[in-house]
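> For reference, the structure I am asking about is given below.
Any read-out appearing in this document is the output of simple, stated calculations on the displayed coordinates, not a laboratory observation. Being a predicted model, the structure only gives us computed values, none of them experimental. Counting neighbours? That spans all protein chains shown, and the Cβs are built from the backbone with ideal geometry, glycine included.
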Amino acid sequence: QGLKPLAPTDYPHLIFGTSKPAPGLSPADSFLGRNKVPDLQKVFQRSDGLPVHLKLGYPDKLLYRTTMALTIGGTFYCLVALFIASQPKKQ
């Protein structure tokens, strides 16, 4: 009789990202959407002199400037806190 496998040996075929709607879904229920990669490749590969983290315009600039402000502000805060902590205590 031998050992029996714990799991069935016949698996259903997996469906990875395709342009066809999944079986059992109508075309209106398609969740795959449109492929945006070629459009984004055109944007990021354009040679306009901007660094890649600023290529998408105003939202990228806002996030970049916010990050820089928090970094500089945090550095300044740490230096002031270290200066105050290094002062001798008055009795």
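> Could I have the simple spin-label model distance between L63 and F44, label points 7 Å from Cα toward Cβ, reported in nm to one decimal?
The two pseudo-label positions are separated by 1.2 nm.
> Just the Kirkwood number for region 51-90, please: inverse of mean 1/r across all distinct Cα pairs, in Å, one decimal.
Taking every pair of different Cα atoms in region 51-90, averaging 1/r and inverting gives 12.2 Å.
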